[in-house]
Amino acid sequence: MGTVLRTWRWPTDPPTVACVSEAPEDAAAGDLSIGAFTDSGPWDVDLDAMVWRRGIDELRARTRREVPQLLRRRLLPPGGRVVTVGARLGVALGAWYLLERRRSRTESRAGVSRRLRSAFTHLGPTYIKLGQILSSGEGIFPEELVSEFKLLRDRVPAESFQTVRRIVEEDLGKPLESVFSDFARTPIAAASIAQVHAARLRSDVAVGGGRDIVVKVQRPTVSTLVRRDLEAMSWIAPALVGRIPVTALANPPALVELFAETIVEELDFRLEAQNMLDVARILAETEQRSLVVPRPHPELVTRRVLVMERLDGFGFDDVAGMKAAGIDTSAVVRAGMVAFLEGAMLFGVFHGDLHGGNLFVQPDGRVALLDYGITGRLDETRRLAFLRLLMGGTANDVRTQIAALRDLGALPVDCDIDAVIRDLGLDRPPKDPTQMSADELTAEIRELTKALLSYGARMPKELMLFVKDMLFLDNALAVLAPDVNIFDEITHIATYFATRHGDRILHDVGIDPRGVEIDLEGFKASFGLTPDVESLTYRELQKRREIIQRRMEERRRRR
């Protein structure tokens with residue numbers, strides 16, 4: 001059995017491995033050599049025996065090619081759905097315009113967010129899913145929008161058991177009782193795209209017979225409805241530009257494009273099952289045995305049905321329960337941080353929807369990572385750009401970072417890097433926002449936004465997913481390790497990658513991180529701190545944010 005995450009050590013010498021559990025002693029046996037799975041599962045993963053994997057690469061490519069077709073600009077509205085959507089959104093925005101637009105900034109944003117959330121609820125699964133994605137974008141989207149759309153996370157009614165039975169039997173081609181000896185009528189969870197049921201395979205099933213599993217079942221009409229809604233969204237989005245005060249840089253057309261790229265792949269569970277295998281392989285290759293991935297069944301995976309290993313544990317927010325079990329909560333979230341960065345930097349593949357509902361902490365301290373419908377995938381060109389972005393951050397090389405953002409698609413390919421640095425004020429000393437007046441803060445934000453928009457800045461899908469995940473991990477550290485020094489954490493992570501992956505990084509981007517001096521001035525500047533500040537804990541950071549929020553709220557009240 002592997003060691004568990006009850007202690008935490010960072011590497012000081014190259015042979016030392018940090019933030020990972022040791023591989024199980026029998027990792028070479030079974031399927032543990034090809035994936036980070038539980039030590040003993042209901043079946044072993046045999047890639048050649050997984051019939052649903054045949055043609056998986058072409059399926060993924062074909063799915064991606066569908067997105068531009070769905071979003072193409074049409075001369076005429078795409079059917080009656082656009083009328084329904086337009087009417088719902090029009091009523092919501094019209095009521096806000098008449099009743100709340102002229103109120104304070106906070107009240108105006110809260111009002112439009114509330115009305116959009118209500119409209120999304122009535123418009124069904126596609127819009128509920130969009131709202132759920134927006135609700136995970138703390139730090140990317142306005143606080144009022146995020147808070148309101150969080151209400152969509154657990155307010156999705158489940159499909160009836162009769163509907164679930166029909167879909168399972170249609171996709172598996174046999175009666176429910178011929179596969180499962182027990183199948184819970186009430187789902188464990190119900191989301192916008194699918195719901196999950198606990199079940200047990202019949203003892204005479206060839207693979208995993210008699211074992212407890214879970215079954216993810218897609219809602220019956222969601223595939224058709226999503227595609228119809230995307231066509232309607234792409235028609236309506238241009239008309240909303242500049243009319244909703246909560247979209248910031250994620251303007252409606254760009255948001256629809258990003259959403260389409262994300263959701264279309266979620267509609268085929270064979271792609272999700274392959275995502276599980278890909279992430280598990282990366283974790284195994286990097287020896288990250290502190291995270292585990294559920295095994296997909298070798299045969300019982302279709303477009304709308306996904307049978308997988310059942311994993312349980314403490315909820316990610318159950319800090320008291322984990323500590324009572326002797327689990328080092330700081331180590332849990334730090335291990336997740338490093339594994340996430342390794343996947344993105346070295347392989348270009350990472351889980352794209354980290355949140356508390358997708359993570360369980362097992363009694364031995366390992367993290368069970370669930371729900372792979374949304375996965376970030378960087379092609380080699382963008383992966384290298386992303387790696388340069390992070391290496392530029394380590395060395396506080398602003399020019400390298402801006403060039404990398406350009407190569408990632410966040411800035412136009414012909415942008416003037418020096419002009420961007422100058423116009424964004426990246427060549428000036430940092431300003432401490434806690435020492436600025438509310439008017440100065442507002443002016444600073446307005447000028448920054450204006451400069452970004454003038455350069456055509458946008459948020460590519462993978463970059464948004466990465467930032468969203470990083471914000472979740474940042475918040476998780478604030479909850480699970482509030483008194484750690486943020487600058488020490490950054491140094492530790494940079495040291496880990498230099499010692500463990502220095503040769504790989506040198507080969508990929510021509511930069512040897514072992515010879516790069518870690519420069520924290522850029523990180524400190526991002527917090528508005530001067531270079532002489534040596535320590536900042538998450539608890540202190542939260543206090544700084546509260547000061548800024550109070551100051552902005554006071555200004556709004558004055559207005």
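Screening segment 116-166 for residues that are touching a residue at least 40 places away in the same chain (Cβ under 8 Å) and in a loop (DSSP other than H, G, I, E, B) and picking the one that is surrounded by the fewest Cβ atoms within 10 Å (Cβ to Cβ) gives 139. Whether any residue in segment 304-324 is in contact (Cβ under 8 Å) with a residue 24 or more places away in the chain, surrounded by 24 or more Cβ atoms within 10 Å (Cβ to Cβ), in contact with a Lys or Arg (Cβ under 7 Å, 6 or more places away or on another chain) and under 19 Å from residue 50 (Cα atoms) is what I want to check. Yes, that holds for at least one residue.
On the given criteria, is residue 334 touching a helix residue (DSSP H, G or I) at 6+ places or on another chain (Cβ under 8 Å), part of a helix (DSSP H, G or I) and farther than 27 Å from residue 37 by Cβ? Judged against the criteria, residue 334 is not a match.
Can we say residue 399 is basic (Lys, Arg), under 27 Å from residue 510 (Cβ atoms), surrounded by 18 or more Cβ atoms within 10 Å (Cβ to Cβ) and at pLDDT 90 or above? Judged against the criteria, residue 399 is not a match. I'd like the residue in segment 167-213 that is surrounded by 15 or more Cβ atoms within 10 Å (Cβ to Cβ) and β-branched (Val, Ile, Thr) and, out of all such residues, is nearest to residue 266 (Cα to Cα). Filtering first and then ranking leaves 193. Looking for something among the hydroxyl-bearing types (Ser, Thr, Tyr), more than 29 Å from residue 452 (Cβ to Cβ) and surrounded by 17 or more Cβ atoms within 10 Å (Cβ to Cβ) - is there at least one such residue anywhere in segment 240-248? Looking for residues that are among the hydroxyl-bearing types (Ser, Thr, Tyr), more than 29 Å from residue 452 (Cβ to Cβ) and surrounded by 17 or more Cβ atoms within 10 Å (Cβ to Cβ), one finds none in segment 240-248, hence no.
Go through (1) in a helix (DSSP H, G or I); (2) within 30 Å of residue 311 (Cβ to Cβ); (3) over 22 Å from the mean Cα position of the chain (by Cα) for residue 63 and report which single condition fails. It is condition (3) that residue 63 fails. Residue 379 meets all of the listed conditions (1) modelled with pLDDT under 90; (2) surrounded by fewer than 22 Cβ atoms within 10 Å (Cβ to Cβ); (3) not hydrophobic (A, V, I, L, M, F, W, C) but one, namely (1). The single condition among (1) touching a Leu at 6+ places or on another chain (Cβ under 7 Å); (2) outside any loop (DSSP other than H, G, I, E, B) that residue 365 does not meet is (2).
The values are calculated or read from the model by the stated rules, or taken from the named source; none is laboratory data. Model, not experiment: these values are computed from the prediction. Cβ sites come from the backbone with ideal geometry, for glycine too, and all protein chains shown count toward neighbours.
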